[in-house]
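This report concerns only the one structure given below.
Derivation of every value follows stated rules applied to the coordinates shown; laboratory data play no part. For clarity, every value in this text was computed on a predicted model and none was experimentally measured.
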């Protein structure tokens, strides 16, 4: 029996971890024991805790309750708490997801006491080291033993950084193994889309019809904290809202910053625009149904970019770059940054000529099973 410790801390990690937990429960129950540690990086109940109940995810065995704070303060608290748990649990591996401060803290804690790291979503690169996530993912990759990239581009990024193809075991931090494994979130989209249609009432609650609205999300500090960028984004949304209804689940950070950085005139326009419908943060199943029922998605979220592709929706990316270059190369997404003119130009292009080709670039829906098999084989 292999024992793994899984670190989660932010909403997307909780959802990603669901795929691995489900694979263990369904196929590896007698071979893998999973201990789940929630760092408490995100602690809002509707943004975090509710997912455990809604998605039938195993509750965490530990919760560090670190809360928010400056990067250094938050990460330091997590390193201390994770290290103590690893010393007590003595796992065969630590499983990390993505690129948050929880990911970085886990990588530092485990590598210092020589516990192998399994990094899921390895190899993703924006090539913008001003993003905290870029630093986190690079450092985690280079401390890992097994690296699972969801895309061929991510795999190539790792090879370009010096990781070796077809490495032979035994595997450890100085002899890591890299994979193009497919995406656990694609596993989840297949699993949860049916559940969302059966259980979510978000369309009825918000008086929406499938195919009649655009879905938007804004949460990155590079957009919310810079007045010029947030202003440009909302000016573009107001223009689009003259033609199309926009649903905007409002991240707490965005709601706070809107009132701080937007002009009173723009705030008045937003509040008086019936077609720009801002709603409270939604559950994962609600989000899945909104994505699946929308006609277009406008977002600065990496995860939502991918999900737009899963559900075959055109996507406007409110960032200057993306880790998911495949969806741009496929013509299914445009990088618009916080450029009002580019947002409007791309919107009109997709309305006139929506993308037609959504090739299966994220695997076969069984990435989590593959990862479990490799953990058993290689560690």
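What the table below lists for this structure:
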| quantity | calculated |
| --- | --- |
| Length-normalised contact order for the chain - Cα pairs under 8 Å, 6+ apart - percent | 16 |
| Kirkwood-based Rg to Rh ratio, the range 284-358, C-alpha trace | 0.93 |
| Relative contact order, percent, the range 190-352 [alpha-carbon distance under 8 Å, six or more residues apart] | 26 |
| Rg/Rh ratio calculated on Cα atoms of the chain (Kirkwood radius) | 0.96 |
| Estimated [θ] at 222 nm from DSSP helical runs (n ≥ 4, -39500 (n - 2.57)) normalised by residues in the chain, nearest 500 | -14000 deg cm²/dmol |
| Relative frequency of Cα-Cα separations exceeding 17 Å in the range 1-93, percent | 50 |
| Beta bridges per DSSP with both ends in the range 190-352, % antiparallel, nearest 5 | 0 |
| Principal axes of the range 140-275: Cα extent on each, largest first, Å | 63, 39, 23 |
| Shape metrics for the range 190-352, restricted to C-alpha atoms - Rg then Dmax, Å | 14.8, 44 |
| Alpha carbon centroid spacing (whole Å) that separates the range 108-146 from the range 285-353 | 26 |
